[in-house]
2 protein chains.
Amino acid sequence: MTLSQTQHPDPAHDHDHCVHTALTTAAHLCTARGVQLTPIRHQVLELIWESHKAVKAYELLDRIKPLKAAAKPATIYRALDFLISQGLIHRVESLNAFIGCRCSGRSHEQLLLICKHCQQVEERTPEIMLKALAKELQSAQFVAHSKAIEIHGICKQCADKA
Amino acid sequence: MTLSQTQHPDPAHDHDHCVHTALTTAAHLCTARGVQLTPIRHQVLELIWESHKAVKAYELLDRIKPLKAAAKPATIYRALDFLISQGLIHRVESLNAFIGCRCSGRSHEQLLLICKHCQQVEERTPEIMLKALAKELQSAQFVAHSKAIEIHGICKQCADKA
DNA sequence: TAAAAAGATGTTATGTTATAACATTAGCCT
DNA sequence: AGGCTAATGTTATAACATAACATCTTTTTA
Ligand SMILES: [Zn+2]
Ligand SMILES: [Zn+2]
Ligand SMILES: [Zn+2]
Ligand SMILES: [Zn+2]
């Protein structure tokens, strides 16, 4: 499995496979860690994985209401907090939105490529760049706790179509 | 002038000089570009430069009210939009906040080091890392329009104090 | 097993961030 | 004056996020 350098989500790919992998991995990780992937959390994760587009919290709220009429903002934000804490999703800071993580389990720093046209987000782990960043931080004597590296632009597929 | 690799803002530095440089540079650039650094825009820029901490829009609103009682959110957001469009400030995506740019005039991509302890933000332009990023984007066949590279952690000064 | 503790969710309210839409004003050109 | 553009004023509301406290459920442990 060489997911670390996959292409920007190909429209023809087997997305059911993405979803299935994400959900089973999540279940296994939570079990192994002794934390609960409760029904609410599972549903939110599933909704996030409906596509490779970043999803907003209130979109999730709207989409979960048919399943869970009593859902409120806190319902969603708590589930999101949990999923982030377990590394199952990422927050896209520059969009106030969320995407499923394709590298769950391994702790990692990621580069997010956000297409302005199709809204899909590709996650990459560019070793060389991250090494260079680490070096820069060292020379700045700055101790990093978290990193947001987000690039907005146009993906290959959308560029080809135009 | 070697601002491109300055340290995380030293508490003892001559900040009046920072402010003076920023405001005069802004005035010159706007004149040269035929755009107007109006009183409101100038005031907002000045307020942003009160420190090297990132400032929130509604903080600016509160701080400008003594000077301009009629100020409303749109007043601030319009000024911020203008200052960003002219490259005089940066938006810090992961904080929903704003900082003065120390490299105004040159278009540039920047790395922001955000100290959780003192809230100060250091702007750097790490050539090697940015080259590596450009290469990665090329190999992903992704055309970048804008970049947000934001690191949260603890700066040297704060680490030393602890 | 009963009590206590910890974790998860329900519920209400509110705080924070940002924009839409339309009116008005100021400066400039003809 | 009349018409244009850029900037600002003004009102309203949309969009994003958390606080605080109540309740329920699961696990721990006496
Ligand atoms: Zn997929
Ligand atoms: Zn695209
Ligand atoms: Zn300074
Ligand atoms: Zn600091």
Item to check | Top-ranked residue of the range A:124-135 - restricted to ones that are open to solvent by less than 30 Å² (accessible area, probe 1.4 Å) and facing another protein chain (nearest Cβ under 7 Å), ranked as nearest to ligand 2 (Cβ to nearest atom) | outcome: A:Arg124
Item to check | Qualifying residues in the range B:82-122 (those that are among the charged types (D, E, K, R) and under 18 Å from B:Leu23 (Cβ atoms)) - the one surrounded by the fewest Cβ atoms within 10 Å (Cβ to Cβ) | outcome: B:Arg106
Next on the checklist: Would you confirm whether or not the range A:8-18 contains a residue that is touching a residue at least 12 places away in the same chain (Cβ under 8 Å), open to solvent by less than 50 Å² (accessible area, probe 1.4 Å), in contact with an Asp or Glu (Cβ under 7 Å, 6 or more places away or on another chain) and within 14 Å of chain B (Cβ to nearest Cβ)?
Outcome noted: yes
Checklist entry - What are the pairs, 6+ residues apart or on separate chains, where a residue within the range B:136-160 that is at the interface with another protein chain (Cβ under 7 Å from one of its Cβ atoms) has its Cβ under 6 Å from a residue that is in a helix (DSSP H, G or I)? => result B:Glu136/A:Met129; B:Gln141/A:Lys156; B:Ala144/B:Leu137
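Okay, residues lined up against (1) at positive phi; (2) within 16 Å of ligand 2 (Cβ to nearest atom); (3) in a loop (DSSP other than H, G, I, E, B):
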{"site": "A:Ala69", "(1), (2), (3)": "no, no, yes"}
{"site": "A:Thr75", "(1), (2), (3)": "no, no, no"}
{"site": "A:Arg78", "(1), (2), (3)": "no, no, no"}
{"site": "A:Phe82", "(1), (2), (3)": "no, no, no"}
{"site": "A:Gly87", "(1), (2), (3)": "yes, no, yes"}
{"site": "A:Arg102", "(1), (2), (3)": "no, no, yes"}
{"site": "A:Leu112", "(1), (2), (3)": "no, yes, no"}
Item to check | Pairs with Cβ under 7 Å, 6+ apart, first in the range B:37-53 and more than 14 Å from every other protein chain (Cβ to nearest Cβ), second away from ligand 2 (no atom under 16 Å from the Cβ) and of a type in the set (Phe, Trp, Tyr) | outcome: B:Arg41/B:Phe82; B:Ile48/B:Phe98
Checklist entry - Got a number for residues in the range A:51-68 being open to solvent by less than 10 Å² (accessible area, probe 1.4 Å) and within 16 Å of ligand 1 (Cβ to nearest atom)? => result 1
Checklist entry - Which of the residues spanning the range B:69-81 are crowded, with 16+ Cβ neighbours inside 10 Å and over 27 Å from A:Ala148 (Cα atoms)? => result B:Ala71, B:Thr75
Next on the checklist: I'm checking my understanding of the structure. Among residues of the range A:10-51 that are touching a Lys or Arg at 6+ places or on another chain (Cβ under 9 Å) and under 23 Å from A:Cys158 (Cα atoms), which one is nearest to DNA strand C (Cβ to nearest atom)?
Outcome noted: A:Glu50
Item to check | Residues satisfying the stated conditions in the range B:19-50, i.e. among the basic types (Lys, Arg) and either over 19 Å from B:Arg91 (Cβ atoms) or open to solvent by less than 40 Å² (accessible area, probe 1.4 Å) (or both) | outcome: B:Arg33
Checklist entry - Any idea how many residues of the range A:31-44 are more than 22 Å from A:Arg63 (Cβ to Cβ) and among the hydrophobic types (A, V, I, L, M, F, W, C)? => result 2
Checklist entry - Considering only the range B:38-80, how many residues are under 18 Å from B:Cys101 (Cα atoms) and charged (D, E, K, R)? => result 6
Item to check | Checklist (1) assigned to a loop (DSSP other than H, G, I, E, B); (2) over 23 Å from B:Lys147 (Cβ atoms) applied to B:Leu95, failing item | outcome: (2)
Item to check | Whichever residue in the range A:137-162 is assigned to a loop (DSSP other than H, G, I, E, B) and buried (at least 19 other Cβ atoms within 10 Å of the Cβ) and, among such residues, is farthest from ligand 4 (Cβ to nearest atom) | outcome: A:Cys155
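The values are calculated or read from the model by the stated rules, or taken from the named source; none is laboratory data. The structure displayed is predicted, hence computed values, not measured ones. As a convention, Cβ positions derive from the backbone with ideal geometry for all residues, glycine included, and neighbour counts pool all protein chains shown. With ligands, DNA and RNA removed, areas are computed over all heavy atoms of the protein, side chains included. Shrake-Rupley method; radii C 1.70, N 1.55, O 1.52, S 1.80 Å.
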